[in-house]
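**Q** Mind looking over this structure? Questions follow.
Derivation of every value follows stated rules applied to the coordinates shown; laboratory data play no part. Since the model is a prediction, treat every value here as computed from it, not as a measurement. Don't worry about glycine lacking a Cβ; one is built from the backbone with ideal geometry, like all the others, and counts go over all protein chains shown.
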There are 2 protein chains.
Amino acid sequence: MSKSDTEIAELSFDLLSNVRVVMVNTTLPGNIGSAARAMKTMGLSDLVLVDPKKPIDEEAIARSSGATDILESAVQVSTLEEAIEDCGLVIGTSARSRSIPWPLLNPRQCAERAVLTSKRQKVAILFGREDRGLTNEELAKCQAHVHIPTNPDYSSLNIASAIQVLCYELRMAIETQAQPESEFWGVEWDKDLASAQELDGFIDHLESIMVTTGFLDPENPRYVMTRLRRLFNRSLPDKVEINVLRGILSSISRKIDP
Amino acid sequence: MSKSDTEIAELSFDLLSNVRVVMVNTTLPGNIGSAARAMKTMGLSDLVLVDPKKPIDEEAIARSSGATDILESAVQVSTLEEAIEDCGLVIGTSARSRSIPWPLLNPRQCAERAVLTSKRQKVAILFGREDRGLTNEELAKCQAHVHIPTNPDYSSLNIASAIQVLCYELRMAIETQAQPESEFWGVEWDKDLASAQELDGFIDHLESIMVTTGFLDPENPRYVMTRLRRLFNRSLPDKVEINVLRGILSSISRKIDP
């Protein structure tokens with residue numbers, strides 16, 4: 001991995017501070033609190049509330065679970081135009097079908113586009129009312145729409161959950177961009193891999209025990225040893241693990257053939 | 001996109017019904033309700049509750065927002081072993097750093113792996129306690145861990161939000177799999193994966209032999225069993241391989257303790 005966690009954190013901070021979450025005409029303050037929490041866990045901080053039905057209250061603060069700084073710095077405006085006037089890219093969340101087709105992104109494409117634009121300009125992602133989303137007029141103010149895929153039989157996605165998913169994709173877009181394939185197990189390993197010779201030594205020792213116990217007939221070994229080689233090779237044993245396995249075999253050998 | 005919505009819906013239904021969400025020792029019933037809603041919006045239905053601190057209540061039902069069928073069919077068990085015994089692949093959600101590194105996936109990789117396996121076998125994704133996640137012992141029962149990237153300064157992701165993100169990635173994995181990656185080992189496997197129960201049976205048998213031979217001091221086991229679990233989990237043993245390993249252990253047991 002070329003970028004350190006710290007570098008990734010700084011990079012995401014820079015870019016994600018340019019992505020604004022705009023909640024339009026929200027009914028429940030609790031959802032605003034959950035949205036603040038969802039944003040902050042992913043590193044976003046710019047929240048704008050367009051004409052919320054109720055002000056931020058105790059329930060909102062409780063649901064924000066410590067992301068109160070996001071609630072405190074949230075800007076409240078009365079029209080959508082004010083919320084997005086300084087933004088170069090505006091994307092509206094939408095159910096799939098519209099009377100007039102509009103450029104439609106999935107959440108991953110939305111995040112890639114937003115992160116690209118955020119390098120130079122502010123980006124807004126709009127979230128509509130809990131019960132009926134954004135109006136056609138509001139959606140027409142967007143360059144593109146984003147649709148979160150859902151179960152066609154039950155598409156009742158909570159608004160804070162929708163914000164969580166899109167903010168997650170924004171963070172993923174930054175963490176995965178230009179990041180080389182991670183190590184084979186997705187994590188930096190703390191021990192060197194066992195050498196081919198060490199592996200052979202283990203397999204030979206195991207085989208001799210299997211013959212001693214009568215499990216393996218040397219005259220008719222079939223594919224047993226091949227299967228075992230394949231199994232242990234697949235897990236890419238490290239040196240400590242092979243030492244443990246050899247230790248176990250030695251303790252068995254001493255018991256079987258003292 | 002070449003697949004029609006109907007085809008996608010049917011495909012996702014088939015595969016996602018094989019992916020189980022396991023919530024371990026959950027404190028707040030409201031979170032179970034939100035989890036049910038998150039699951040259902042993405043097309044999942046199999047919820048297992050391991051020893052929840054409180055039963056499903058009014059708050060859970062309110063938060064499920066109509067996904068009451070998921071709550072009604074949720075199975076409650078008292079141990080993690082019961083929750084995963086029929087699963088071929090078990091993935092645990094985890095914060096990044098562990099004393100012993102374990103195969104680590106991001107949510108996208110987790111979803112790809114889970115969807116591939118779900119074509120033939122059940123998959124479980126484990127979610128821990130609200131305040132401290134899964135224990136090391138629970139994480140050691142997993143073939144891999146999944147980490148949702150978060151803001152290093154504020155990683156307080158709500159449990160239902162975590163479930164939402166992973167379920168969203170599962171749905172995305174199905175909707176985007178036009179040309180799926182090959183199976184995990186780059187080849188179509190000829191045998192089913194061993195179940196969690198079969199793996200446990202093998203590890204227990206191995207441990208008892210290690211104690212008999214004196215290799216393992218039950219009073220001071222350190223990390224030996226955890227390392228062995230990790231090793232065998234990494235190779236995703238199939239049923240034939242586990243049978244061979246059990247056969248070897250039985251032949252050793254008969255020799256040691258005739």
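**Q** For segment A:127-141, which positions are in a strand (DSSP E or B) and either more than 23 Å from residue A:113 (Cα to Cα) or within 14 Å of chain B (Cβ to nearest Cβ) (or both)?
**A** Answer for segment A:127-141, where residues must be in a strand (DSSP E or B) and either more than 23 Å from residue A:113 (Cα to Cα) or within 14 Å of chain B (Cβ to nearest Cβ) (or both): just A:129.
**Q** Could you tell me which residue of segment B:77-108 is farthest from the other protein chains (Cβ to nearest Cβ), considering only residues that are surrounded by fewer than 19 Cβ atoms within 10 Å (Cβ to Cβ) and touching a Gly at 6+ places or on another chain (Cβ under 9 Å)?
**A** By that ranking, first place goes to B:95.
**Q** Here is a further query. From the list B:144, B:111, B:162, B:74, which one is away from chain A (no Cβ under 14 Å) and aliphatic (A, V, I, L, M)?
**A** Answer to the check: B:74.
**Q** Among A:111, A:124, which is crowded, with 18+ Cβ neighbours inside 10 Å and part of a helix (DSSP H, G or I)?
**A** Result: A:111 is the single residue among A:111, A:124 that is crowded, with 18+ Cβ neighbours inside 10 Å and part of a helix (DSSP H, G or I).
Okay, residues lined up against (1) charged (D, E, K, R); (2) buried (at least 17 other Cβ atoms within 10 Å of the Cβ); (3) assigned to a loop (DSSP other than H, G, I, E, B):
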| residue | (1), (2), (3) |
| --- | --- |
| A:156 | no, no, yes |
| A:186 | no, yes, yes |
| A:206 | no, yes, no |
| A:231 | no, yes, no |
| A:258 | no, no, yes |
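**Q** So residue A:116 clears everything in (1) among the hydrophobic types (A, V, I, L, M, F, W, C); (2) part of a helix (DSSP H, G or I); (3) in contact with a helix residue (DSSP H, G or I) (Cβ under 6 Å, 6 or more places away or on another chain) except one condition, right? Which one?
**A** Unmet for residue A:116, out of (1) among the hydrophobic types (A, V, I, L, M, F, W, C); (2) part of a helix (DSSP H, G or I); (3) in contact with a helix residue (DSSP H, G or I) (Cβ under 6 Å, 6 or more places away or on another chain): (3).
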